[in-house]
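Below is one structure; the comments refer to it alone.
The values are calculated or read from the model by the stated rules, or taken from the named source; none is laboratory data. Treat the numbers as computed from the prediction; the structure is a model and nothing was measured. Positions of Cβ are generated from backbone atoms using ideal geometry, with glycine treated the same way; all protein chains shown enter the neighbour counts.
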C-alpha cells in the first residue's frame, strides 16, 4: 500500500512517501526536501505556492502570505486586492504536494494520506485541515496524526532508541509559529498523549522578530524615517526591502546556530550589523526559559519526573538553537535528544504509527476513566448551575498523577493520564538521564467498549450537571403544541423526539434514559433516550416541557464546558424541514461534544465523539441531523 504523510508546517511543509514496499522517503518538491508553506495570489486569480510564491513575493509582497497555517483561525486572507479563504490557501500547498507525489507514482494517487497536526488543535482547526486536504485532491482515505505521536514514533524507529510499552517520552516541538510540548506514552497498540501544552507566542518567527528589533536598535538612529518605512512599508519598493531584510535576519539566526557570530546585511542607507550568538541568546533566553518551565510543568502533571522518562526529544526547526538544549540540561538535569533532521521528524514518524494508534485515543482508556473520576476536575461546581451530584470522590493513590496549574496561558493539559508505578523520585544530579527509564503502569482494562470509557470519563460529570438543572428550570417558557405528548415507545422516544432523531433510532442501538457506560442518569422533569452509534459516537436526546428550557440548559452547559468560549464553535443547521443551532466544544484532547437545538421544539441533543476524523460536526451533518441517513 502506498502511504503519504504530510506535515504542513508554519514555514515549511514536508511530505514522506512509502511506495512499492520501499522504506519511507522524503518527497523532494522543487528539488528540496522542504517546501515553503507560502502562498501568493496572482493577479489572474490563481494561487502560487512554495518557492514560486517566494519568488513572486519580491514583485508584490502585498499579495504574499508566508505562513498561512498561523492564520488558520481567521477564515480568510487579504492578499493584495484578493480575498483568499484560509482553506484554499492550505489546499494550494497540499495540492502541490499531491501533484508531485502523483507524478512520482506514475499518475496514481496514494492509497492513504496521513496528515499531522498540533496536539492542541481543536475540532474546528482539524476540520479546516481535512477540508483543505479533500479540496487538494488527496482522496477520502485521510488519517489525522497528532504531531507528538508521530515524533514519538520517529524516535522509537531509530536503532538503539527504545520506547517500550509502559514507557514515556517528552516531545519538545519548537517550530516556526508555536511551541508545543507533549508527554507521549507507549502502549501495547501504539501511543497515547498523556499531557500536552503549548505557547502560541513562541516560535522561530518570534526569534526572528527579536533579532530584527535588536538590529534596529543598532542602526535606526542614523535614519529613523527610513527604518520606519522598513517596518511599516508604504510602497512596493518598501515592501520588497522589508521582505529581503526579514529573509536576511532569518538566515543570520540560522547561521548563529552554527557559528559564534555573523553579519546581518542591511539595505541602504544602513551599514551591515555584526551580531553574536551571545547577543541572540540574551534576547531569547526569557522565552526559551518559559518553554523549559512549561516542559517541566507538563512532565510533573503526569506524575513523573524528567529522569523517569525515556528521554526528551527535540523536534521542529527552531529546536536547533543551541540554547534550547543547554537550558533543558541545566534546568531538568537531562540531556535532550535530537535525531536526524528535526524538521522532517514528524512527517517521517507518521509512517511508524500503528494503524490503531494514529490518534490520541490509541492508549488504554481505563486509566483515563479512573483519573477523571478521581480528580473531578472536568467541570468545577458553579453556583446557579452545574451544582451537580458528582460521582463519589476517591482519594489519589500514592502513585497517582498530580495535576499542576501554572499561570495561563502556560498551563499543561493532562489527557489520558496513566498512574505511575511508585512515588515520583527527585531529579538526579547527573547531567544525563539514567540508562533505564521507569515505566508507567496502566490500570487493568475493563471489557466495555472504549467509546463508553471516554464518554463516561470526560462527559459523565458534565452531563450530570447539565441534567440536574432540569429540576430547577423545568416548566418555564411557552409550551410547544406539537410536542406536548410525552408518551414513549419501546426505545424511550416520544413522538417529538423520534421525529427529530429520524433514521438514527431505526439504524442504531437506542434505549430509554441518559446512559453512560452502564450508568443511568436520572432526568426528572424531562424525557431522555440514548443511542450508541458505532464505536466512536453516542447521541442523547432530551424532551423538555418547553422550548424555553432548552435555551437555559444550553447556556448553562456551555458556561460549564467552556467558560472562556475559546474552545467552542457555533453555527446553524437545517434539514428534514427543520432548523436550529449547534455548538461544538472540545472537552478533552481527541474528545468532542456537539450540543444542538431544534427551532420551536423542546428538544435538545448531545453528541459525544472520540474520533477526530472526519470530526463531530461532519458526523452530525451526515448522520445525526434531521433528514440525514442516520
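The table for this structure:
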| quantity | calculated |
| --- | --- |
| Flag for residue 483 being touching a helix residue (DSSP H, G or I) at 6+ places or on another chain (Cβ under 6 Å) and modelled with pLDDT of 90 or more | no |
| Flag if residue 169 is in contact with a helix residue (DSSP H, G or I) (Cβ under 7 Å, 6 or more places away or on another chain), at pLDDT 90 or above and assigned by TED's automatic domain parsing to the domain that holds residue 295 | yes |
| Flag for residue 314 being touching a strand residue (DSSP E or B) at 6+ places or on another chain (Cβ under 7 Å), modelled with pLDDT of 85 or more, assigned to a helix (DSSP H, G or I) and outside the structural domain of residue 119 (by TED's automatic domain parsing) | no |
| Extreme residue, surrounded by the fewest Cβ atoms within 10 Å (Cβ to Cβ), among residues of the stretch 135-163 that are free of Cβ contacts under 8 Å to residues at least 40 places away in the same chain and touching a strand residue (DSSP E or B) at 6+ places or on another chain (Cβ under 7 Å) | 141 |
| Selection status of residue 86, surrounded by 16 or more Cβ atoms within 10 Å (Cβ to Cβ) and closer than 20 Å to residue 154 by Cα | no |
| Test: residue in the stretch 96-109 that is crowded, with 19+ Cβ neighbours inside 10 Å and within 14 Å of residue 69 (Cα to Cα) | no |
| Candidate set: the stretch 155-166, residues that are in contact with a helix residue (DSSP H, G or I) (Cβ under 8 Å, 6 or more places away or on another chain) and not in a helix (DSSP H, G or I); chosen: the one modelled with the highest pLDDT | 163 |
| Residues of the stretch 277-299 satisfying the condition of being over 23 Å from residue 231 (Cα atoms) and either touching a strand residue (DSSP E or B) at 6+ places or on another chain (Cβ under 9 Å) or not in a helix (DSSP H, G or I) (or both) | 277, 278, 288, 290, 291, 292, 294, 295, 297, 298, 299 |
| All strands (runs of 3 or more DSSP E) inside the stretch 8-113 with 3 or more residues being within 23 Å of the chain's Cα centre (by Cα) and more than 27 Å from residue 233 (Cα to Cα) | 12-18 |
| Flag if residue 170 is under 30 Å from residue 299 (Cβ atoms) and either touching a residue at least 24 places away in the same chain (Cβ under 8 Å) or under 21 Å from the mean Cα position of the chain (by Cα) (or both) | yes |
| Where a residue in the stretch 496-517 is within 14 Å of residue 604 (Cα to Cα) and assigned by TED's automatic domain parsing to the domain that holds residue 605 and its partner, wherever it lies, is in a loop (DSSP other than H, G, I, E, B) and modelled with pLDDT of 85 or more, with Cβ under 6 Å and at least six apart | 500/598; 500/626 |
| Strands (runs of 3 or more DSSP E) fully within the stretch 504-616 counting 1 or more residues that are farther than 30 Å from residue 118 by Cα and at pLDDT 80 or above | 509-512, 514-516, 527-533, 537-543, 568-575, 578-588, 591-597, 603-609 |
| Residue in the stretch 177-198 that is at pLDDT 90 or above, within 23 Å of residue 288 (Cα to Cα) and surrounded by fewer than 23 Cβ atoms within 10 Å (Cβ to Cβ) present | no |
| Failed condition for residue 215, given (1) closer than 30 Å to residue 252 by Cβ; (2) part of a strand (DSSP E or B); (3) at pLDDT 90 or above | (2) |
| Residue check, residue 249 assigned by TED's automatic domain parsing to the domain that holds residue 174, assigned to a helix (DSSP H, G or I), touching a strand residue (DSSP E or B) at 6+ places or on another chain (Cβ under 9 Å) and surrounded by fewer than 14 Cβ atoms within 10 Å (Cβ to Cβ) | no |
| Count of the stretch 124-154 residues which are under 19 Å from residue 197 (Cβ atoms) and part of a helix (DSSP H, G or I) | 8 |
| Among (1) more than 15 Å from residue 209 (Cα to Cα); (2) surrounded by 14 or more Cβ atoms within 10 Å (Cβ to Cβ); (3) modelled with pLDDT under 90, the one test that residue 269 misses | (2) |
